[in-house]
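Notes for the one structure printed next.
The values are calculated or read from the model by the stated rules, or taken from the named source; none is laboratory data. In this text, all values refer to a predicted model and were calculated from it rather than measured experimentally. Glycine gets a Cβ as well: all are built from the backbone with ideal geometry, and neighbour counts include every protein chain shown.
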């Protein structure tokens, strides 16, 4: 079987769909691996390590003409004509994007979206959403620590005592839990919120305080259970109470990291404009849902309407980070885990 690995061309994408270790395994199984020259350079994998692993260096058209093409992100319009009809594409293809799915069908490509793999124990090795979200949660905390104008841990020095930063994490999925663990290592005081009561024990086991919003109806309790490892949209009554609690805790926080996403739907608004206005000057908001929230003033925000995709902006004295591909900022390990 001929397997092709083209270079990623979308903006801000530094990952590669196969590492030298992966290539070595594929070659040992009798496959012919064609990798585009320079495909792994951004992830710190130069061409010579792929050659040593047994791959052949080719140009982009040759990589796309393989029987199976491995990619990180969905192909662009200019890349689609390079596929041979009947070929197979494997990657993160955003299966909820109907237009993209139609484009792939028109090109005659059999596509496997890795995001559609079930989030079960047996399928964990295929769960790219979890592996990449884990990296995003880690990087979100490091970005916040860099942009926050004070220390994260408490310091007792001859010049005085510095208080530990207060971190609020919204959403305790894979990204949120890794953000809690990373912020704890940096010495912050952490609070976390999630719609699912089952994650309370996980949050507390990592050293954070769980912000509990009681459920008042059976509808709220049922929605809070989630489906297949994902949160479900909550009823307006519960969201109103959660919003009031988040508003009060965000006012006290130095760093807020929001990670709430719902497959196939716009990301929920967790940090309102009023909440940002009430936050402390110099505080930092890292919005992992940037570009996937509701539209606000002509552009899509994230968990906060003021978030701007792939930008760092200052609104009402709060630094808002809207990078849409945090995993790509750790390209070597992200590629390896992918």
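Within the range 71-87, restricting attention to residues that are buried (at least 17 other Cβ atoms within 10 Å of the Cβ) and out of contact with any helix residue (DSSP H, G or I) (no Cβ under 9 Å at 6 or more places or on another chain), which residue is nearest to residue 263 (Cα to Cα)?
It comes out as 73.
Every residue, every condition in (1) touching a helix residue (DSSP H, G or I) at 6+ places or on another chain (Cβ under 9 Å); (2) under 25 Å from residue 184 (Cα atoms), yes or no:
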position: 234; (1), (2): yes, no
position: 275; (1), (2): yes, yes
position: 291; (1), (2): no, no
position: 300; (1), (2): no, no
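Of everything in the range 152-173, what is under 23 Å from residue 329 (Cβ atoms) and modelled with pLDDT under 95? Give them in sequence order.
171, 172, 173
Taking helices (runs of 4 or more DSSP H) that fall entirely within the range 95-185, which contain at least 2 residues that are in the same structural domain as residue 272 (by TED's automatic domain parsing) and free of Cβ contacts under 8 Å to residues at least 60 places away in the same chain? Steps first, answer last, please.
Numbers: elements: 98-106, 128-147, 174-185.
Passing ranges, in order: 128-147, 174-185.
Which one is nearest to residue 130 (Cα to Cα) among residues in the range 200-220 that are modelled with pLDDT under 75 and exposed (fewer than 13 other Cβ atoms within 10 Å of the Cβ)?
218
Return the residue satisfying two criteria in turn: it lies in the range 187-199 and is within 21 Å of the chain's Cα centre (by Cα) and at pLDDT 95 or above, and of such residues it is surrounded by the fewest Cβ atoms within 10 Å (Cβ to Cβ).
Narrowing the range 187-199 to residues within 21 Å of the chain's Cα centre (by Cα): 190-196, 199.
Remaining after also requiring at pLDDT 95 or above: 190-192.
Details: 190: 26, 191: 21, 192: 28.
The selected residue is 191.
May I ask you to say which residue of 66, 39 is over 24 Å from residue 331 (Cα atoms) and crowded, with 22+ Cβ neighbours inside 10 Å?
On the way: 39 fails: over 24 Å from residue 331 (Cα atoms).
Matching residue, one of 66, 39: 66.
Among the residues that make up the range 8-31, is at least one of them in contact with a strand residue (DSSP E or B) (Cβ under 9 Å, 6 or more places away or on another chain), assigned to a strand (DSSP E or B) and either at pLDDT 95 or above or within 24 Å of residue 77 (Cα to Cα) (or both)?
Checked the range 8-31: no residue is in contact with a strand residue (DSSP E or B) (Cβ under 9 Å, 6 or more places away or on another chain), assigned to a strand (DSSP E or B) and either at pLDDT 95 or above or within 24 Å of residue 77 (Cα to Cα) (or both).
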